[in-house]
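Right, one structure below, let's go through it.
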Amino acid sequence: MLLIRVIWEGECVALFLFFLFMSNLVAIVGRPNVGKSTLFNRFTKSRRAIVNEEAGTTRDRQYGLCEWCGKDFSIVDTGGWVVNSDDVFEEEINRQVAIAIEEADVILFVVDVLSGITDLDLHVAKILRASKKNIVLVVNKVDTFDLQYQAAEFYSLGLGDPFIFSAVNGLGSGELLDHLVTFLPDNDALLEENLPRFAVVGRPNAGKSSIINAFIGEDRHIVTDIAGTTRDSIYARYNKFGMDFYLVDTAGIRKKAKVNEDIEYYSVIRAIRAIENADVCILMIDATRGIESQDLNIFSLIQKNRKGLVVCVNKWDLVESKTSKDIKRYETAIRERLAPFTDFPIIFTSAISKQRIFKVVETAMEVYQNKKRKISTAKLNEFFLPLIENYPPPAYKGKYIKIKYVSQLPDTQVPTFVFFANLPQYIKQPYMRFLENKLRENWEFTGTPILLFPRQK
């Protein structure tokens, strides 16, 4: 039985699967700072979840993949359950935890042996007992054998035998996983690694999480007016209207001088890694602020990593004048700022009113297909050889350059073309840009970078 959430929207049935396409889901819950994210990183053998001594570091649900004794399962890290605090994120975090509990097949309830049983532990235990789910009580921070005897007091929670565990050094991890997989049926479902990955990037508060919530039809990602709300790079699988891909929500990338918290520093690093692992980047621009220098920095990151690009101008509903002349002027300003690469789509959207949001994913899929486009050697030479004959490369010091044939390299990250010539070292960059422009005019490569190389023949 696959983990699926069916979302009904009018007459259509939208099928939404979370990042890991697995049959079993394990949720990690508990109060803040008991070591949930450290446990998540240990079980997933990664450093995806941010770990910090500051309570309340984790906010959004973070999904990962685990394997033990031949059984695969998804595991989700949640924010710490809090009550009666001054944190503006308290209500949203608790709602995210409640959703994770509802989705999960097994719940790992993590407590701290050093702190003992607290009122908040009792509160969470009461909620878990009412959920009627499979509960595994994990007593964390048992870093030495002397501390294991203190775990006995957690029997009073009424959740069965506590498992002593140390997320830092791995003490008791084998026994815990052995017990955990007894609740999980065998499953042969495989994670589809060949699906496209679309990363939503931009400055803080550009509307990245809002537009993803609008895509998937539920408030999975916490949205507030405070910059820096999203801290992790969060993956979600989207299967809708015949399209199947992964969406990646990233933390907003600010200037280095404005990144003061250690947590935000790690968040920015994760956002950059999300760009590196993506196929197409959806660059979110705030329509009320226009394109700024930090947008250019993010664009340069996308270009440096040679990723496909879709520019999404969000909050278009807040712009007073929306005439076709205004739109044209806005598009021209964006392309001028992002020059010399100007062959990319621009879409004006509103995440709140859901204006043209599905046009964004449709366009991103088109850019992904352009990125994978292959052109036969025969068609390339049929087009380029007469063109080069009429407009040959400029001679250099009396030496004439002859390009003999053109070919596209197979299995490359971006479309890559090789021009074989007698004197490739004398072909200058302006002429290569001329060839690139002609290539884009004749074939559809909108949104994707292409590489051209002269080589000796």
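The values are calculated or read from the model by the stated rules, or taken from the named source; none is laboratory data. Because the structure is a prediction, the values reported are computed rather than measured. We place every Cβ from the backbone using ideal geometry, glycine too, and count neighbours over all the protein chains shown.
Data overview
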read-out: Residue match in the stretch 258-280 (condition: at pLDDT 70 or above and exposed (fewer than 14 other Cβ atoms within 10 Å of the Cβ)); value: yes
read-out: Top-ranked residue of the stretch 61-89 - restricted to ones that are crowded, with 17+ Cβ neighbours inside 10 Å and either among the charged types (D, E, K, R) or part of a helix (DSSP H, G or I) (or both), ranked as modelled with the lowest pLDDT; value: ARG61
read-out: Test: residue in the stretch 320-340 that is touching a residue at least 60 places away in the same chain (Cβ under 8 Å), outside any helix (DSSP H, G or I) and of a type in the set (Gly, Ala, Ser); value: no
read-out: Which listed residue, of ASN422, ASN437, is in contact with a Lys or Arg (Cβ under 6 Å, 6 or more places away or on another chain) and either at pLDDT below 95 or surrounded by 16 or more Cβ atoms within 10 Å (Cβ to Cβ) (or both); value: ASN422
read-out: Members of the stretch 376-387 that are under 19 Å from ARG433 (Cα atoms), of a type outside the set (Phe, Trp, Tyr) and in contact (Cβ under 8 Å) with a residue 24 or more places away in the chain; value: LEU380, ASN381, LEU387
read-out: Residue match in the stretch 361-375 (condition: outside any loop (DSSP other than H, G, I, E, B), over 21 Å from ASN305 (Cβ atoms) and over 34 Å from the mean Cα position of the chain (by Cα)); value: no
read-out: Of all residues making up the stretch 116-155, the number that are in contact (Cβ under 8 Å) with a residue 12 or more places away in the chain and either in contact with a His (Cβ under 8 Å, 6 or more places away or on another chain) or part of a loop (DSSP other than H, G, I, E, B) (or both); value: 8
read-out: Odd one out for ALA339 among (1) under 15 Å from ALA206 (Cβ atoms); (2) among the aliphatic types (A, V, I, L, M); (3) modelled with pLDDT under 90; value: (1)
